[in-house]
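Asks: Quick one: this structure, given as structure tokens, is what I'll be asking you about.
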Amino acid sequence: MSLAQAPEELQKKFIELGFKKMWINKEFQKFSKTFEGKIDENDLSVPTKDFIASIGADQVEAKVFQFLFDGNSDGKVAFDEVLQAYGFMETDDMEVQAKLFFGLIDKDGNGMLSRIEMKQFLAIHHLNDGSINPHYRQ
């Protein structure tokens, strides 16, 4: 990939949320290096399976990571989806966390959470009887 830094509009989006340009571009460089030769330059994405494999996740973690990083469930993980998930974990600002978390659950990006989006989220994090998935009790 020939880009040394994230596209300006993507940088602007995350800078407005309070993230530093240096952090954004550092993450972009890691993403570019990790997936060199596999990145679709049109939307800066890689196949979800390649992204999950790079993390080394077990089956349960893979479902969580797929939900978090493949925001629109298109089978690809775009760099902006990576920044959104990493940004959620990186910031201590509750308002920014809420915006990013909402974006992770709002799969169609319409600004509202549908019943299906909530069910998908709850299915990943909870058992059918409403109890917490034992994987997360640790």
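Any read-out appearing in this document is the output of simple, stated calculations on the displayed coordinates, not a laboratory observation. Keep in mind the model is a prediction, meaning the values are calculated, not measured. Counting neighbours? That spans all protein chains shown, and the Cβs are built from the backbone with ideal geometry, glycine included.
Asks: Read phi for every residue in the range 108-115 and hand back ³J(HN,Hα) as whole Hz from Karplus 6.51 cos²θ - 1.76 cosθ + 1.60, θ = phi - 60°, with x for Gly and Pro.
Replies: Here the 3J(HN,Hα) series is 8, x, 8, x, 9, 9, 8, 4 Hz.
Asks: Could I ask something else about it? Which residue fluctuates the most in the chain, going by a Gaussian network model with Cα springs under 10 Å, if the choices are ASN110, ASN42, ASN25?
Replies: For the chain, modelled as a Gaussian network with Cα springs under 10 Å, the answer is ASN42.
Asks: FRET efficiency for MET94 and GLU9, Cβ-Cβ distance as r, R0 = 30 Å, nearest 0.05? Before the final figure, lay out each step's value.
Replies: Values: r = 26 Å, r/R0 = 0.86.
That pair, MET94 with GLU9, gives E of 0.70.
Asks: Given the pairs LYS33/LYS107; LYS30/LYS107; LYS26/LYS119, which are separated by over 32 angstrom at their Cα positions? Each step should come with its number before you reach the end.
Replies: Values: LYS33/LYS107 27 Å; LYS30/LYS107 25 Å; LYS26/LYS119 34 Å.
Checking Cα-Cα distances, LYS26/LYS119 exceed 32 Å.
Asks: Under a 10 Å cutoff between Cα atoms, tell me which one of LEU104, LEU68, LEU113 has the largest fluctuation in the Gaussian network model of the chain.
Replies: Checking each option, the largest mean-square fluctuation is seen for LEU113.
Asks: Working only with C-alpha atoms, what are the Rg and Dmax values of the chain, expressed in angstrom?
Replies: My reading of the Cα-based Rg and Dmax gives 15.4, 49 Å.
Asks: Turning to a different aspect of this structure: Around LYS63, what is the net charge, scoring Lys/Arg as +1 and Asp/Glu as -1 over all other residues with Cβ under 13 Å from its Cβ? If you can, show how the numbers build up before the last one.
Replies: On the way: positive: LYS49; negative: ASP58, GLU61, ASP70.
With Lys, Arg at +1 and Asp, Glu at -1, the net is -2.
Asks: Please work out the Cα convex hull volume for the range 52-109 and give it in Å³ per residue. Don't skip to the end; give the middle numbers.
Replies: Working: hull volume 4.9 nm³, N = 58.
Dividing the Cα hull volume of the range 52-109 by its residues yields 84 Å³.
Asks: Can you tell me, using C-alpha contacts under 8 Å and at least 6 residues apart, the relative contact order of the range 8-109 as a whole percent? Kindly include the intermediate steps, with their values, before the conclusion.
Replies: On the way: 81 pairs, mean separation 23.1, N = 102.
After rounding, I find 23 percent.
Asks: Using modelled amide H (1.01 Å from N, peptide plane; none on Pro or chain starts), what sits under 5 Å from the amide H of LYS76, excluding residues fewer than 5 places away?
Replies: THR48
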